[in-house]
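Let me begin by presenting the structure, written as structure tokens, before commenting on it.
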Amino acid sequence: MKRATSSLNQIQPPTYGNLITVLSIDGGGIRGIIPATILSFLELQLQKLDGEDARIADYFDVIAGTSTGGLVTAMLTAPNEKERPLFSAKDVKAFYLNHSPKIFPQIRGPLSSVTMILKEICGPKYNGKYLHGLVEEKLGKTCLHQTLTNVVIPTFDIKRLQPTIFSSYEVKNNQFLDAQLSDICISTSAAPTYLPAHYFKTKDDQGNVRDFNLIDGGVAANNPALVAMGEVTKEIFRGNTDFFPIKPMDYGRFLVISLGTGSPKNKAKYSASLASKWGVLGWLHSKGSTPLVKVFTQASADMVDIHISVLFRALHSESNYLRIQDDTLSGHTSSVDIATKENLESLVKIGDGLLKKPVSRVNLETGIFEPMKNEGTNEQALIRFAQQLSEERRLRELRSPHTKVSKLRCDE
């Protein structure tokens, strides 16, 4: 039997279907290779179901990303000249492999560690010029409202001391948020001590100007899954006709895939006795890493995962939430910026290996990921989710009055 095909590439609104589909991608620097590898597998499964032109953005109502996840989000949703996604998922992985060494150039030699510490004391570890130029080249003048599906990208405004969420939904109510995707990506990636803060301005139709003074969205939400769900919820409460009316106990109709970028195997890397001796320099650099940044990003990601796990468990909808995360990273693989060829290849292998690992969920008591019985591997779970996403898309196309659907016919 041939599948129904749509004259439209973009996903139809949830009001014509049964689910609200969400993809979330954590921050984590070069470790963005891990979710990029997972997404390559998911996109391949969707292509097996719906044809080689299928792309991630065709199946999710909203894609959220913080820091490196925000960059991935933009690449998956920004339109090319044919109004199709600028990057396929496999292209994103290649992007990291090709450009990470130039975004995070490594200092070599016997005094490399001392040189790096001095750089961090005097300013950001990296000047960001290569990243800024690359993002501006790839994304051009594309603005937030032009993405092929809704996106949510958190940043933090250090002048206002509050999060700034660049949301496709909020653009309709706040023109100042309709910034260029390049500015948004540079901002959400500006991790303190690693890359410089980013300043830019936007204008509304009346010529009023707003300025932004932004740093990494990981300060606010390194795991942006809950932010994405919150943006959708606000639209539902506002009566947006793109969504079916939803009651509190209906939140099991969310279908959420949340991709982490990995975390250290030994989370107790720092002790109280060690940290009690730290001053400013200690918190910024100890044991070859940046404790302060690691602490707030790890805490943010774990708290969101725990909260969503509890929510879906309470709604008896655990099968609608898939969190894929590797908490066994060690050595260079746990770094966000050691962009050597060897380490980048190791991260690809970790992503591939993660597909073969069992579906795991965070233990609410210990905070450690534990395998779930009878749920198979992450690879098997993604195959199931791909089937659900494909069926949901086709259901919406069949119900939507805005879609021209060819009649199904059986092959002889």
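None of the figures in this text is laboratory data; all of them are computed from the coordinates on show. Since this is a predicted model, take the numbers as computed values, not measurements. Cβ sites come from the backbone with ideal geometry, for glycine too, and all protein chains shown count toward neighbours.
Calculate the FRET efficiency for D211 and N173 from the Cβ-Cβ distance with a Förster distance of 22 Å, rounded to the nearest 0.05.
0.70
Go through K48/K93; K93/K356; K125/K341; K172/K356; K125/K159; K93/K125 and tell me which ones have a Cα-Cα distance over 30 Å in this structure.
K172/K356
Given H placed on each backbone N at 1.01 Å, which residues far from N150 in sequence or on other chains put an amide H within less than 5 Å of it?
I63
Working out 0.36 nm times the residue gap between I383 and L274, then minus their Cα-Cα distance, what length gain in nm do you get to one decimal?
34.7 nm
Using only the alpha-carbon atoms of the stretch 38-108 as identical scatterers, what base-10 log of I(q)/I(0) does the Debye formula give at q = 0.15, 0.21 Å⁻¹?
For the requested q values the scattering log ratios are -0.53, -0.94.
Any chance you could run the full-extension gain for E345 through L44? It's 0.36 nm times the residue separation minus the Cα-Cα distance, nm to one decimal.
106.3 nm
How much FRET efficiency would the formula 1/(1 + (r/R0)^6) give for I158 and F237, where r is the Cβ-Cβ distance and R0 is 35 Å, rounded to 0.05?
FRET efficiency, I158 to F237: 0.70.
If the reach is capped at under 13 angstrom between alpha carbons, list the aspartates and glutamates near K349, excluding any in the same chain fewer than eight residues apart.
Within the straight-line cut-off, K349 pairs with D326.
Where does each of 373-380, 323-330, 72-79, 131-138 land if you order them by average Cβ count within 10 Å, highest first?
The most tightly packed comes first, giving 72-79, 323-330, 131-138, 373-380.
Using DSSP to call loops (not H, G, I, E or B), can you name the trypsin sites (Lys or Arg not before Pro) in the stretch 169-269 whose Cβ has at most 13 other Cβ atoms within 10 angstrom?
Answer by residue number: R238, K267.
List the trypsin sites (Lys or Arg not before Pro) in the stretch 35-98 that DSSP assigns to loop (not H, G, I, E or B) and whose Cβ has at most 11 other Cβ atoms within 10 Å. Which are they? Kindly include the intermediate steps, with their values, before the conclusion.
Values: sites: K48, R55, K82, K90, K93; in loops: R55, K82.
Those that pass, being in a loop and sparsely packed, are K82.
How far apart, in nm, are two points set 7 Å out from the Cα along the Cα-to-Cβ line at Q10 and at K203?
Simple spin-label model gives 2.5 nm for this pair.
Computed from the mean reciprocal separation of all distinct C-alpha pairs, what Kirkwood hydrodynamic radius does the stretch 118-212 have, in Å?
Taking every pair of different Cα atoms in the stretch 118-212, averaging 1/r and inverting gives 14.2 Å.
Any chance you could tell me what percent of the C-alpha pair distances in the stretch 161-253 go past 24 Å?
The proportion of pairs with Cα distances above 24 Å equals 33 percent.
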